[in-house]
Amino acid sequence: MTQTKVEPKFQAVKAAVNYPEMEEKILQLWRDQDVFQRSMREREGGPHYVFYEGPPTANGRPGIHHVLARAFKDIFPRYKTMNGYFVQRRGGWDTHGLPVEIEVEKRLGLSGKQQIEAFGVEEFNRRCRESTMEYIGEWEKLTERMAFWVDLKTAYVTFHNEYVESLWWIMRQLWDKNLLFQGYKVVPYCPRCGTPLSSHELSLGYKEGTVDPSVYVKFKVLDQENTYLLAWTTTPWTLPGNVALAVGEKLAYVKVREADGTLLYLAAALAEQVLKPGFEVLEQLKGRDLLGMHYEPLYRFYPVEQDYAYVVAGDFVSTDDGTGIVHIAPAFGQDDMEVGRKNNLPLIMTVDAAGRFKAEVQPWAGVFVKTADPDITAELKSRGLLYKAGTMEHTYPFCWRCDSPLLYYAKETWYIRTSQVRDQLVALNEQINWYPEHIKEGRFGNWLENNVDWALGRDRYWGTPLPIWKSDAPDSKYMECIGSVAELEAKAGRKLDNLDLHRPYVDNVTWTAPDGGTMRRVTEVADCWFDSGSMPVAQWHYPFENQAKWEEQAQADYICEAIDQTRGWFYTLHAVSTLLFDRPAYKNVICLGHILAEDGSKMSKSKGNVVNPWDMMNDYGADATRWYMYTASPPGNSRRFSGNLVGETVRKFLNTLWNTYSFFVTYANLSDWNVTNENSSVSTQHASDATSHMLDHWVLSELNLLVRNVTAAMEAYDVLGATRPIAEFVDNLSNWYVRLSRRRFWDGDPAALRTLHKVLVTVSQLLAPTTPFIADELYQNLVVNLDGHAPNSVHLSRWPVVDQSLIDEQLSTDMQMVQKVTSLGHAGRQNANLKVRQPLAQVVVRTRQREERASLERLQQLVLDELNVKRLDFADAATDLVDVSVFPYPKQLGQKYGKGYPKIRQAMSQMDQAELAAHFQAGESVEVTVDEQVYVIAPEDVEVRSAPRSGYSVAEDGGYLVAVTTDLSTGLVQEGYARELVRYVQQLRKDANLAISDRIVTYVEASSMIHDVLAHFGDYVREETLSVDLVQVHPAQGQTIPAHLPKANLELGGNEVTIAVSKK
RNA sequence: GGGCCUGUAGCUCAGCCGGUUAGAGCACUGUGCUGAUAACGCAGGGGUCAGUGGUUCGAGUCCACUCAGGCCCA
């Protein structure tokens, strides 16, 4: 081996790597080379792949759950780019809505709408606009740092005039289709925010374990002495609005006499649990018997003209709780409202917009309704109308932002008539590919099937103003919906160039109505979910401009958000697209589970168990964090998260890859190997062209299988399938291919170097979508530095294509068998305390199938080397070296004989195993008779198992058995000593900091027994240790090792040995 | 109250069409190997496969119910 100083072809790689540092370096490279923009620009003209970014709101800091979502969003655009697609990835910001307003209110110390209006809507909205971008810098930084490639420079912003104008256009389309309407409905209403909540907002705020009053109220029946209908409610404040009582027509009711003589009606099934003991049932009756029964109203705060205060039927009445008699206040409940409508009952609105009783409700006028609950209860008690009162825990909705308890109110507001297209919503959902699949028919499908109209209006300030103008002439119903600024200009009769399309500015635009009144905008703004759900249209300011862009980007190939978006963005996108275009907005969607804290509890600021994403980036790096997200659990599952778990990813996966890479670079540079010397171009070179080595073939076969599997998984949006196999491969590459091939790398074998180079380059490409940093780090050094024609970044390169000709399934199977057997062989050695350095005479293997034996025969040398044995044999019932047993396969015999199987098994175990085995091995069937029933057992129904008898150490697993001989000949023992000696010499070399190629003189001072070893194995020792001389020092003859040399002592078979080395 | 999902070793997760002795990684203990590896190999302890009942020759796997957690709806 000659050594000439040459320029290393690859940049030297440190064995220990600081990932965050490495990632920062790569980030700088991407910036310098403008790689992200180029990854789009260079694909222009390619087929389109469309990704929609679900816009976050930047009025808070990004959390680790945003990293999760963004990591998953990033994969497929990168993958498709590498496959030649043009993937425009426009970012977006969601800027309107209550969350923003609440934040600003808090900051300004305002509370409620009156105070906002006093403060001034103009200034309030200005502050809102500012606040939406407050943390945008932090979002941009984290987005870049984690390498989520989304174009934030051109991001759409929902408050921009262009965006709002598109929303107006959409609303105008709905208006023209008569899908926008104003209706009375009972809605969940937040008295603090002064606005109704949409059903998807409502769903954000349910709280279990809410304590509310539970009161049983007696309604005095007219014309019946001392007789009452017993009703139950958890909202005493709704009682002043009571107009009826509902019963289930078919339910069973009873009339009972209490101990004190009071007569009560209630459901039969609930009497026992509701009433005090000692009552007497006077009468059994059905609900329908009670219909029309009038009672004395509890209160008379409002004059009522029509008939009311009587028993009506309600199909919602149950006997699950309460009394089976339900108090009806149409102003405060959806069911109540419907019953009221059906029976022409009055609607008594006792409460104002702030949730306080109106002046007419004298005792409690101005009191917040929930606060009045105890007073109302007390007042009823004072009149003897309270049967009993307590509290109960149930689930009750609260405002998702301000946490006020919601009230159900009859409110007039604007709706989108989504229920009209319900069937279409359901049908179009069929075309969407959901991950996980169960969301499609389950959570999302159910939601669509139960679709109710979308409450669009919000009585708020910072949002897209509803473009509806109404005449203020008395009793006028005249309205217009405006679909563009131009149209508004025409109406207003003036240019509106600089008009900000927000309150209060648009509110100031008026014109004369045909009926003589003044056209004024309705005060409401749109639900902010309408903004984001309309982004496919509005992000392009369609139809006012960008028609071509819109055509290209009209339907997303892929979107990804967490599961809470089923009722949020997933729904609103789908609804808007269905209403407008009658097609799904997206084709593939990954729906992520939530991130939980390490202990499985919810992450929340209040618990203080929130993981700061920057800590992950700084401690472990983006690649590790991303890789953990992808590989930890299926995307739809909720996943536990912690720094420790990410750290495991670093140690297990990234370090293994890095070390293999560093190993390659070290030896490639050492041997002056240069891929470009051999072939014209790195990126096109064919690794298998010039290798005949079985391990090279194997690793290339595995590599191509990997490419095939990962590609298939990517195409199927299967993130686990696209990542976990890479980790397995890297493990195999490092701990099998490289380990077994080390010698070839030391020798600078070009075939080995070429193979490993090819593998590393391909792996870097497979990793590019998932761990973009380490992927590019490898690619830069292994490809870009050498090949002027190569793409400048792995992210600009083409996704690897499977080379079918390199796939050798048989070889892969064979190797798996070798790994299985060598693993068991090591276990066998361990059992007998035989270290691997000690050569053994024989290993005996029992496989389950004959083909597996052939596998081992083909790769026999590998088994022998790996196990350090001289001979490989197979256990065979014919030899008397082994014990045999016959194992009846449950699958085959169970299917054949069903119930008979256990009996057969029992019977066969009683028979002479050797004799049975002999029959089966001769290919004969055997008849087994149990309980006078004859069962024919064919050779393929059983497995003949054999185990070596004695003189072997055995390891067994899953039907496989490996046995190594434990008897050692003198020759084997001596060879073992020689190996031991070599290891110590190598250690000395290492300690003396000798270069790998340095020649040495080795001194061995020991008894004659060891000299005998050297007589046989001296050449071997010399070769292994690059010893020019092997000096045998005989102390008996007065010889000594030169004193200045560092020595090592070891013991070989009870003999003291001292060795030393010196550089030649 | 209803729907969807989850429940397998201390932790994170595999486990196919029901079929041989339920696996991997981490952690722990012991041991071996090492001229790439912050690694690696081997062994050990650690499991009522959440529970109960059912179907079946056979259930972690299928069915029913229950419990716990998560999410959603009312």
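The values are calculated or read from the model by the stated rules, or taken from the named source; none is laboratory data. Because the structure is predicted, anything quoted here is derived from the model rather than measured. Note that we place each Cβ from the backbone using ideal geometry, even for glycine, and neighbour counts take in every protein chain shown. These area figures cover heavy atoms from the full protein model, side chains too; ligands, DNA and RNA do not enter into them. Shrake-Rupley method; radii C 1.70, N 1.55, O 1.52, S 1.80 Å.
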May I ask what percent, to the nearest 5, of DSSP beta bridges between residues of chain A are antiparallel? 75
If we sort A:263-272, A:516-525, A:895-904 on the protection proxy, mean other Cβ atoms within 10 Å, highest first, what's the order? A:263-272, A:516-525, A:895-904
If you take every DSSP beta bridge fully contained in segment A:934-1064, what fraction is antiparallel? Give it as a percent rounded to 5. 75
So what's the gap between the Cα centers of segment A:960-1032 and segment A:695-764, to the nearest angstrom? 34
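May I ask you to order A:626-637, A:756-767, A:467-478 by the average number of other C-beta atoms within 10 Å around their residues, highest value first?
In decreasing order of mean packing, A:626-637, A:756-767, A:467-478 become A:756-767, A:626-637, A:467-478.
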Set of aspartates and glutamates with alpha-carbon distance to A:LYS870 below 16 Å, sequence-local pairs under 8 removed: A:GLU857, A:ASP967, A:GLU975
Short version: ³J(HN,Hα) in whole Hz for each residue of segment A:819-834, in order, from phi by Karplus 6.51 cos²θ - 1.76 cosθ + 1.60 (θ = phi - 60°), x for Gly and Pro, what are they? 5, 5, 6, 5, 4, 5, x, 4, 4, x, 4, 4, 4, 9, 6, 9
FRET efficiency estimate (nearest 0.05) - Cβ-Cβ, A:LYS549 to A:THR510, R0 56 angstrom: 0.95
Distance from the Cα centre of segment A:449-508 to that of segment A:610-632, in angstrom? 46
Of the listed pairs A:LYS276/A:LYS358; A:LYS835/A:LYS1047; A:LYS255/A:LYS411; A:LYS14/A:LYS835, which have alpha-carbon separations greater than 30 Å here? A:LYS276/A:LYS358; A:LYS255/A:LYS411; A:LYS14/A:LYS835
Can you give the FRET efficiency for A:GLN284 and A:ASN178, using 1/(1 + (r/R0)^6), R0 = 60 Å, r = Cβ-Cβ distance, to the nearest 0.05? 0.75
Taking the square root of 5λ for each eigenvalue of the C-alpha gyration tensor of chain A, the equivalent ellipsoid has semi-axes, largest first and in whole angstrom, of 76, 42, 26
Give the carbon-plus-sulfur fraction of the accessible surface of segment A:137-254 in %, rounded to a whole number; probe 1.4 Å, heavy atoms of protein chains only. 48
Gain on full stretching of the segment that runs from A:HIS1016 to A:LYS207 - 0.36 nm per residue minus C-alpha separation: 283.0 nm
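Mind checking the full-extension length gain between A:LYS896 and A:GLU225? Use 0.36 nm per residue of separation minus the Cα-Cα distance, one decimal, nm.
Length gained between A:LYS896 and A:GLU225: 233.7 nm.
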Return one number: the angle in degrees, 0 to 90 and rounded to the nearest 10, between the long axis of the Cα atoms of helix A:369-382 and the longest principal axis of the Cα atoms of chain A. 60
Would you work out the Kirkwood radius for segment A:289-394? I mean one over the mean of 1/r across all pairs of different Cα atoms, in Å. 15.5
Mind checking the per residue accessible area of chain A for me, 1.4 Å probe, whole number of Å²? 43
For the Cα atoms of chain A, what angle does the longest principal axis make with the long axis of helix A:161-176, in degrees from 0 to 90, nearest 10? 60
Would you give the gap between the C-alpha center of segment A:839-854 and the C-alpha center of segment A:521-599, rounded to a whole Å? 60
Value of Rg to Rh for segment A:1-130 (Rh from inverse mean 1/r over Cα pairs, i.e. Kirkwood): 1.22
Normalise the Debye intensity by I(0) for segment A:490-605, one equal point scatterer per Cα, no solvent, then take log10 at q = 0.18, 0.21, 0.23 Å⁻¹ and round to two decimals. -1.03, -1.15, -1.24
So if each residue of separation counts as 0.36 nm, and I subtract the Cα-Cα distance between A:ALA378 and A:HIS160, what length gain in nm does that give? 73.1 nm
Nearest 10, in degrees from 0 to 90: the angle of helix A:64-82 to the longest Cα principal axis of chain A is 60
How far is it, in nm, from the label point at A:SER419 to the one at A:GLU489 when both lie 7 Å from their Cα along the line to the Cβ? 4.1
State, to one decimal in nm, how far the label point of A:GLU924 lies from the label point of A:SER633, with both points 7 Å from Cα in the Cβ direction. 5.8
Rounded to the nearest 20 debye, dipole of chain A from Cβ charges on Lys, Arg, Asp, Glu: 1360
Selection from A:PRO584, A:ALA331, A:GLN284 lying farthest towards where the dipole of chain A points positive, charges on Cβ: A:ALA331
